[in-house]
C-alpha cells in the first residue's frame, strides 16, 4: 500500500491518500500519530493541549530524537522534552520518588512487536540509561502466533 522513495537524499513514503498520490516524510507520518493523540487528549481533558513530553526508544540517536521533536512541531505541539521510554516507565511507577540513594533498575519492555531491556541508574531523582538492548523481531505478537500454532 506504500512505497519508499528517495527525494533529495531523504526517504519519502509514497501513498494514495484521499484519492491522490502523495509523498510524506517520516516526520509527517509521525506527526499524524501525534495529532491523533493530541485530539484524544483534548477530548479527555476538555481543553486544548499545546505542550507535550514525548517518549522514544532508549536506542534512538540524536537525529531520530530531533525528527521526533520535529514531528511534534508539525503536529502543533510544543515539545518540552524527549525522554527515553524506560525512563518514562520508571517515572510512571514512582521509582524516582523512592529514597535510598543510588539504585540500579531493570526495565523490561515487551511490546507488540519488539522486546527491549534497559538498565537505569537512579540517584537523587536523576535517571541515567546505562545500557539498552533488544530484539526488534520479538514481541507479543510473536508469542500469540506461537500459541495459536501450538493449540
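Read-outs: derived from the displayed coordinates by stated rules, not from any lab. Being a predicted model, the structure only gives us computed values, none of them experimental. With ideal geometry, Cβ positions are generated from the backbone for all residues, glycine too; neighbour counts draw on all protein chains shown.
Taking the average, over residues, of other Cβ atoms within 10 Å as the packing measure, peptides 96-104, 117-125 rank 117-125, 96-104 from highest down. Inter-label distance, residue 149 to residue 63: 3.6 nm, where each label sits 7 Å from its Cα along the C-beta direction. Its Cα gyration tensor gives the range 75-151 an equivalent ellipsoid, and the semi-axes of that ellipsoid, as √(5λ) in whole Å with the largest first, are 29, 18, 11. With contacts taken as Cα pairs under 8 Å and at least 6 residues apart, the range 107-151 reaches a relative contact order of 37 percent.
Only Cα pairs under 8 Å and 6+ residues apart enter the sum, and on that basis the relative contact order of the chain stands at 14 percent.
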